[in-house]
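A quick write-up on the structure given underneath.
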Amino acid sequence: MATLLFEIWEDREGGSLEMSPVSPQHDEMRKSLNPNAVLLHTFKASTDFEAPQTYHELMGWGPWKPEPSWLERTFTDDQSREQEEYLLVRGGNNEGKSREEHS
């Protein structure tokens, strides 16, 4: 089953949190909106429901509850492969000051 790597970033000055899959678009958006953000956690997820549930667990917020009409989507091998290719270019530099991996 394909998985994607997600990151949770915190902007301590602005008091905001961001959870997103690693991608060029999310990296650029974070750098422009929250250039001082600090990496709190990394984790892998195989569905778009597993990702926010893990986010909620890591932040201590209790269970995540999707809207009843939402349909769970599984990440594809193509999405995983695309992310892996970007991670090779991005390198080991996660631009964060701390890192915890949860799988």
Original post:
Between residue 37 and residues 5 or more places away or on another chain, which pairs have amide H atoms under 5 Å apart, with H built 1.01 Å from N, and which residues are they?
Top reply: none
Original post:
Rounded to the nearest whole Å³, what is the per residue volume of the convex hull around the Cα atoms of the chain?
Top reply: 115 Å³
Subject >> Calculated FRET efficiency for the pair residue 76/residue 16, C-beta based, R₀ 41 Å, to 0.05 >> reply: 0.90
Original post:
Near residue 53, within a Cβ-to-Cβ distance under 12 Å, what is the net charge of the other residues, with Lys and Arg +1 and Asp and Glu -1?
Top reply: -3
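Taken together, the values in this text are just the output of simple stated rules run on the coordinates, not laboratory data. Please read all numbers here as calculations on a predicted model, not as lab measurements. Glycine gets a Cβ as well: all are built from the backbone with ideal geometry, and neighbour counts include every protein chain shown.
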